[in-house]
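Q: Let me give you the structure first, and then I'll get to my questions.
The values are calculated or read from the model by the stated rules, or taken from the named source; none is laboratory data. Not measured: the values here are computed from a predicted model. Here the Cβ is made from the backbone with ideal geometry for all residues, glycine too, and neighbour counts use every protein chain on show. The protein model used for the area step is the full one, side chains on, heavy atoms only, and it has no ligands, DNA or RNA in it. Shrake-Rupley method; radii C 1.70, N 1.55, O 1.52, S 1.80 Å.
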Amino acid sequence: MTMPDAQALARRWVREEILELGAYAVPAFDGQVKLDAMENPHGWSSEMVAAWLEHLQKLALNRYPDPRAEALTAGLRRFFNVPDAAQLMLGNGSDELIQLLCLALNRPGAGMLVPEPSFSMYAMISRFAGMRCVGVPLKADDFDLDLPAMLQAIEREQPALVMLARPNNPTGNSFSREALEAVLDAAPGLVVVDEAYAPFAGESVMAEIERRPNLLVMATVSKIGLAGLRLGLLAGSAGWIEQLDKLRLPYNINSLSQASAAFALQHEAELRERIARVCHDRDVLHQALLSRDDLQVWPSEANFLLVRLVNADATAAHAGLRARGVLVKNLDGSHPALTGCLRITVGSPEENQLLLEALGGVLEACGQQKLR
Ligand SMILES: *Cc1c(COP(=O)(O)O)cnc(C)c1O
């Protein structure tokens, strides 16, 4: 069978809404400064690497992983301060957990409500699952929840699921606690607070699980230095987790990830120290970016900064940075509130310096082009 035949066959049988989707583009990049995906820039010491490899030697790869991931679960509970009364479900990245939430809650007509702009995977995964997704714009000035608009949308849509990233990606701010509580009070269904960046903000609603029957808290190890492991967690009342867990494929967390994450979590002080370094370097980078009058920079409680290029075309600047070996995320065109915006992950001090130099060069080149 030739390739065009396969294409025609696929077009005939694959769901309409999947045919319409563009693929999630993860750009290939072999430049030196990768600041597009909120990875932690700091590797491990050679002593840590040696101890980790020794830890891995105990694994029996001919066996399936521990289906309950017990050693790992204990470490995650400690690190993320999960209340004893709460249950945990682990996912192959929190992306998988979002997918399971959609699969579980997508009764006919059910909807997901998300503030916009937020993490793009919410809308994308809801589409994969065939679940309706409704966006509610954030406040234009500070990107906080627009509470009247949220409450109105909750009343109108009766969403099965509200997804709130706190701190939010890509805006970097934490939605105010008051607005969050009001959403929790009003939502008829489930509210998931996605705390992917909470370790950088130092604030969490994890303890609220015990008081709020409609709250689940999601977390991930991706942004704290373990993106390669693909490991996320969902914490909440047994009533929810028992149902969601039925959808989880057995052994979804492989042995290498379980053992590696459990090992890393035994070195909590090192993990916390690297988070603190990123927070410090974020504030240094923030100040440096603020000192330029051709940029607008928002405050961030996460490990990235949102900037708007005031005089230059963001798509051209993004390409210019890339040509100079620096990869950031171009948000221009992704949402009206993000016109002219780039999202820059905080790197090591050296990487941040290279970014600043490259950005200076690119913006100068853009300015000269405008003058001509
Ligand atoms: C990066 C990110 C995630 C993805 O986490 P994984 O565990 O790597 O799948 C989830 N939520 C938000 C808001 C993120 O920015």
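Q: Which one, Arg127, Arg274, Arg292, has the greatest fluctuation when you compute a Gaussian network model over the chain with C-alpha springs under 10 angstrom?
A: Maximum among the listed residues: Arg292.
Q: Using the alpha carbon gyration tensor of the chain, what are the three equivalent-ellipsoid semi-axes (square root of 5 times each eigenvalue), largest first, in whole Å?
A: That gives 32, 27, 24 Å for the three semi-axes.
Q: Looking at the chain, how many pairs of lysines come closer than 29 Å at the Cα, when each pair is eight or more places apart or spans two chains?
A: 9
Q: If you count only protein heavy atoms and use a 1.4 Å probe, how large is the accessible surface of His280, to the nearest 10 Å²?
A: About 110 Å², rounded to the nearest 10.
Q: Among 196-204, 216-224, how do they line up from the highest to the lowest mean number of other beta-carbon atoms within 10 Å?
A: The densest-packed peptide leads the list: 216-224, 196-204.
Q: Let me ask you something else. Residue by residue, what Karplus-based ³J(HN,Hα) values in Hz, rounded to whole numbers, does the range 193-207 have, using 6.51, -1.76 and 1.60 with θ = phi - 60° and x for Gly and Pro?
A: Result, ordered by residue: 9, 8, 9, 3, 10, 4, x, 8, 8, x, 9, 9, 9, 3, 5 Hz.
Q: On to the next question. Protein chains only, probe 1.4 Å: how do Thr73, Thr315, Thr171 rank by accessible area, largest first?
A: So, going from the largest accessible area down, we get Thr315, Thr73, Thr171.
Q: Taking only complete DSSP H runs, can you tell me which helices of the chain stretch 24 Å or more along their own long axis by Cα positions and average at least -1.0 on the Kyte-Doolittle scale?
A: Both cut-offs are met by 268-290, 349-371.
Q: Taking springs between alpha-carbon atoms closer than 10 angstrom, which of Pro41, Pro167, Pro108 fluctuates most in the Gaussian network model of the chain?
A: Pro108
Q: So, taking all protein chains as they sit and a 1.4 Å probe, how much accessible area belongs to Met124, in Å² rounded to tens?
A: Spelled out: Met124, probe radius 1.4 Å, area about 40 Å².
Q: Okay, next question. Grab the beta carbon distance between Lys139 and Arg292, set R0 = 41 Å, and tell me the FRET efficiency rounded to 0.05.
A: According to the calculation, E is roughly 0.95.
Q: Normalised by the residues of the chain, what does the relative contact order come to in percent, with Cα pairs under 8 Å and at least six apart?
A: 22 percent
Q: Top to bottom by accessible area (1.4 Å), largest first, where do Tyr64, Tyr122, Tyr251 land?
A: Per-residue accessible area, sorted high to low, gives Tyr64, Tyr251, Tyr122.
Q: With charges set only on the Cβ (+1 for Lys and Arg, -1 for Asp and Glu), what does the dipole of the range 172-241 come to about its Cα centre, in debye to the nearest 20?
A: The calculated dipole for the range 172-241 is roughly 260 debye.
Q: Moving on to the next point. Which FRET efficiency, nearest 0.05, do Glu20 and Ser334 yield, Cβ-Cβ r, R0 25 Å?
A: 0.90
Q: Would you mind getting the Kirkwood hydrodynamic radius of the range 76-152 from its Cα pairs, rounded to one decimal in Å?
A: Hydrodynamic radius (Kirkwood, Cα only) of the range 76-152 equals 14.4 Å.
Q: Answer rounded, prolate or oblate for the range 105-232, using the Cα gyration tensor with square roots of eigenvalues a ≥ b ≥ c: rounded when a/c is under 1.5, else prolate when a/b is larger than b/c, else oblate.
A: rounded
Q: Could you calculate the FRET efficiency of Leu103 with Glu47 from 1/(1 + (r/R0)^6), where r is the beta carbon distance between them and R0 is 45 Å, rounded to 0.05?
A: It comes to 0.60.
Q: Quick check on packing: order 86-97, 142-153 by the mean number of other C-beta atoms within 10 Å, highest mean leading.
A: So the order, starting with the most tightly packed, is 86-97, 142-153.
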